[in-house]
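Engineer: This is the structure I have questions about; it appears just below.
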Amino acid sequence: MTDIALRRAASQIAAAHGGMPVIRTFFDEATFTATHVVPDPETLQAAVIDSVLDYDPASGRTSRSSADKVIDYVTGQGLVVAWHLETHAHADHLSAAPYLQRELGGRIAIGADIVTVQKTFGTLFNAGPGFHRDGSDFDLLWNDGESFPIGNLAVTVLHVPGHTPACVAYVIGDAVFVGDTMFMPDYGTARADFPGGDARTLFRSLRRLLELPPNARLFLCHDYLPEGRSHYVWETTVEAQRSGNVHAHDGVCEDDFVAMREARDKTLAMPRLILPSVQVNMRAGHLPPAEDNGVSYLKMPVDVL
C-alpha cells in the first residue's frame, strides 16, 4: 500500500481495537438515508454525518422531524456536537446541517472538491453571481488525507470521487463512513451518471476503500432494501464487500465494472428529490436566498437532466 492517506487510515483502524466508537444511526425510510452520530465517550464531543431535512415536493414544505430525533438523542446523551459532516452533496435528500447547527452548534464540513459541484450545478441552475462557487457556504473543506479530532477520536478524510467529484469517506477509529460510494454487498455500488460522475473513477475509489483492513466497519449512507431482504441494514465490513459485493467484489476488473455501471445507469430514473436536493446541498443545506417577497424558491430546469 503506497497511498499515504490510506496507510494513515489503516493504521488508525488497527489502533482502534478495543476503542471502537459506538455509532447511533437514524434511518429515514422516506429517502432511505442513514444519519450517523459518532460520539467520543471520553469528552462527549460528537459528529453528525449526513443529516436529513424532511421535504415534501408536492407542497414545497420542509419539516424537521428526522432532525429533531437527532437533537433529542444528542441532548439526552449530553453530547456536544463539534461537526456536521457531509460525505458529498446529496441528490436524494436535503441536508439538515444548518438547522442542527443552529440548535446544537458545531461546524459544517465537506470535501474540497465541492467547488467543482458548485460550478457545475451553479451553471445548471443559473444560480447567478450571488451564489459563491468557492465552498464558502461551508465552514470547512477537507482535502484528501487531512486529519481532525472529534474529542479524542482521530478522523482521517479519504477522497473517493466517482459518484460525485466531491465524495469523501471519514475514517473514525475502526469505522469508515463511505457515503454513497458503495451500498450493502447485496445491492452493489453507487451510480456514476450525475454531472461530474465517472464510473472508472468510482471503481478506483472503491478499490481504494477495499484496501483498508478487512475488519474495518463500513457505515453506509443508504439502504434500498433489495429483493430477498426484509430489513434495512447500513453497516458491513471491508471483508464482506470484498467477498460479496455484487458489483465490485474481488476479481471484478475495472473495464467490466465500467461496462456494467454505465449500462445499469442508463436504466435508472433520476432520484425523486435531485432538483431540490442539489440546489440546497450545494449551499451547505441552506435554502436559496429569499426573494423580495420573503420567499425562497427552488428552480426546476426543463429538459436538462
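The values are calculated or read from the model by the stated rules, or taken from the named source; none is laboratory data. Not measured: the values here are computed from a predicted model. Backbone-built Cβ (ideal geometry, glycine too); neighbour counts: all protein chains shown.
Engineer: Of everything in segment 118-167 that's in contact with a strand residue (DSSP E or B) (Cβ under 6 Å, 6 or more places away or on another chain) and of a type in the set (Ser, Thr, Tyr), which residue is farthest from Asp265 (Cα to Cα)?
Structural biologist: Ser147
Engineer: From the residues in segment 154-176 that are assigned to a strand (DSSP E or B) and among the hydroxyl-bearing types (Ser, Thr, Tyr), which one is surrounded by the most Cβ atoms within 10 Å (Cβ to Cβ)?
Structural biologist: That would be Tyr170.
Engineer: Considering only residues that are part of a helix (DSSP H, G or I) and among the aromatic types (Phe, Trp, Tyr), which ones fall in segment 96-135? It would help to see each step written out before you state the result.
Structural biologist: Going residue by residue through segment 96-135, those that are part of a helix (DSSP H, G or I) are 97-104, 114-124.
Those that are part of a helix (DSSP H, G or I) and among the aromatic types (Phe, Trp, Tyr): Tyr99, Phe121.
Engineer: Another question about this same structure. Whether any residue in segment 194-205 is farther than 24 Å from Ala82 by Cβ, at pLDDT below 95 and surrounded by fewer than 19 Cβ atoms within 10 Å (Cβ to Cβ) is what I want to check.
Structural biologist: Looking for residues that are farther than 24 Å from Ala82 by Cβ, at pLDDT below 95 and surrounded by fewer than 19 Cβ atoms within 10 Å (Cβ to Cβ), one finds at least one in segment 194-205, hence yes.
Engineer: For segment 233-291, give me each residue that is in a helix (DSSP H, G or I), over 21 Å from Cys167 (Cβ atoms) and either of a type in the set (D, E, K, R) or within 17 Å of the chain's Cα centre (by Cα) (or both).
Structural biologist: Those that are in a helix (DSSP H, G or I), over 21 Å from Cys167 (Cβ atoms) and either of a type in the set (D, E, K, R) or within 17 Å of the chain's Cα centre (by Cα) (or both): Glu239, Asp255, Asp256.
Engineer: Residues that are under 19 Å from Ala91 (Cβ atoms) and in contact (Cβ under 8 Å) with a residue 24 or more places away in the chain: list the strands (runs of 3 or more DSSP E) wholly contained in segment 11-79 that include at least 3 such residues.
Structural biologist: Numbers: elements: 24-28, 33-39, 45-49, 54-56, 61-63.
Of the strands (runs of 3 or more DSSP E) lying wholly inside segment 11-79, those with at least 3 residues that are under 19 Å from Ala91 (Cβ atoms) and in contact (Cβ under 8 Å) with a residue 24 or more places away in the chain span 33-39.
Engineer: Go through segment 11-67 and report how many residues are of a type in the set (Val, Ile, Thr), more than 30 Å from Val295 (Cα to Cα) and crowded, with 22+ Cβ neighbours inside 10 Å.
Structural biologist: Residues of segment 11-67 of a type in the set (Val, Ile, Thr): 13, 22-23, 25, 31, 33, 35, 37-38, 43, 48-49, 52, 62.
Subsequent filtering for residues that are more than 30 Å from Val295 (Cα to Cα) retains 13, 22-23, 25, 37-38, 43.
Narrowing further to those that are crowded, with 22+ Cβ neighbours inside 10 Å: 13, 38.
Number satisfying all stated conditions: 2.
Engineer: Checking the structure you have, find out if any residue of segment 219-226 is modelled with pLDDT of 95 or more and part of a strand (DSSP E or B).
Structural biologist: The answer is yes, given that some residue of segment 219-226 is modelled with pLDDT of 95 or more and part of a strand (DSSP E or B).
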